[in-house]
Amino acid sequence: MTMSAIDELRQLCISLAQGAGEVALSGRIADTNGAIGQPPAATKSSATDLVTRHDQAAERYIRERLAAERPGDGLLGEEGSSIESATGVRWIVDPIDGTTNFVYGIPAWGPSVAVAIDDVVVAGAVHFPATGETFHAGLGAGAALGDLPLSVTTIDDVSVALVATGFGYDPSLRAHQGERVARLLPRVRDIRRSGSAAFDLCSVACGRVDAYYEEHLNEWDLAAGLLIARESGALASSLDGGPPSPSSVLVSAPGIHAALVDCLVVTTR
Ligand code: LIP
């Protein structure tokens, strides 16, 4: 694929993420009359796994635009979109990553849009409507926040690393995840838990944190943010140093990656 073709897809990722973000933000404002408050929410996989009609509206917006602008492409969306690809191009969408933050009015939420060709993610964008920030990347073409090129931190001492992480919705998994982070905490500078994988991955990409790890994600949480982080110079693996995947991902500045794998392996026992 040519760089101009990747850039065209990258621009569409940006446009879809920003448009879906506007759908969600305007819907939330309408629900709360612009005041402090929460939009109505339902639950999915557990009592803590929230979903709102704005998640569904944002995904519908993306689905309808892709049907018009990219007929024949596949689509996988968190809120149920599942369309087989007839073109080899597949879109991977989380209409609102950080739904709990969206419901509570915490700024770390937004649409995450990635596009893969023959299962290789070639472009992605994450938009945060509450801050107006759009992170985006193209395979081999770098990552940016708006027009600003991104690069990870140059840290090489894990004992002063700022590490982001997250926890699943399954209470039985959360106990194990809590034990691991408790053992990691004294080995690093500090921990941050934003509530959005896409926010954490973009934070690694722009140096707001030095690393992020999480387990038991979904493909849509990870697809765009992982490309953005890698294109900013981050190393990516599973927590034990193998290939990264939604079930196990560690993304960090290169200077601390091996040491963090050692820390996470040790804290797993
Ligand atoms: C969220 C992830 C986050 C994780 C949360 C939740 P959602 O996705 O982005 O990293 O810790 O438990 O899975 O459900 O807001 O799309």
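Cα-based values for the stretch 65-224, radius of gyration first and Dmax second, are 16.7, 52 Å. Sorted largest first by accessible area at a 1.4 angstrom probe radius, with every protein chain in place, the residues 100, 154, 52 fall in the order 154, 100, 52. Remark: spin-label model distance residue 47-residue 5 equals 5.1 nm, labels positioned 7 Å along the Cα→Cβ axis. Solvent-accessible area of the stretch 1-146 (1.4 angstrom probe, protein heavy atoms only): carbon and sulfur portion equals 54 percent. Convex hull of alpha carbon positions in the chain: directionally averaged projected area 13.5 nm².
Residue 134 exposes around 10 Å² of accessible area when a 1.4 Å probe is run over every protein chain in place. Shape summary: the stretch 67-155 maps onto an equivalent ellipsoid whose semi-axes, from the alpha-carbon gyration tensor, are 24, 20, 10 Å in decreasing order. For residue 190 and residue 154, the FRET efficiency from 1/(1 + (r/R0)^6), where r spans their Cβ atoms and R0 equals 25 Å, is about 0.85.
Leaving out ligands and nucleic acids, note down the accessible area per residue over the chain with a 1.4 angstrom probe, in whole Å². Mind showing how you got there, number by number?
Working: 11290 Å² over 269 residues.
Using a 1.4 Å probe on heavy atoms only, each residue of the chain averages 42 Å².
So for the stretch 1-133, Kirkwood radius off the Cα pairs, Stokes-Einstein at 4 °C and 1.567 mPa s: how many µm² s⁻¹?
Values: Rh = 15.1 Å.
Answer, rounded: 86 µm²/s.
Relative contact order, percent, of the chain when contacts are C-alpha pairs under 8 Å separated by at least 6 residues? Here the relative contact order equals 17 percent.
Of the peptides 226-233, 247-254, 92-99, the ranking by mean beta-carbon count within 10 Å, highest at the top, reads 92-99, 226-233, 247-254.
How much net charge surrounds residue 193 when only other residues with a Cβ under 11 Å from its Cβ are counted (Lys, Arg +1; Asp, Glu -1)?
Here the charged neighbours net out to -2.
GNM on the chain, alpha-carbon springs under 10 angstrom: the most fluctuating residue among 151, 203, 172 is 172. On the accessible surface of the stretch 151-269, probed at 1.4 Å, how many percent belong to carbon and sulfur atoms? The computed percentage sits at 54.
The values are calculated or read from the model by the stated rules, or taken from the named source; none is laboratory data. Keep in mind it's a predicted model, so treat the numbers as computed, not measured. Virtual Cβ from ideal backbone geometry, glycine too; neighbours counted across all protein chains shown. Only protein heavy atoms, including side chains, enter the accessible area calculation; ligands, DNA and RNA are left aside. Shrake-Rupley method; radii C 1.70, N 1.55, O 1.52, S 1.80 Å.
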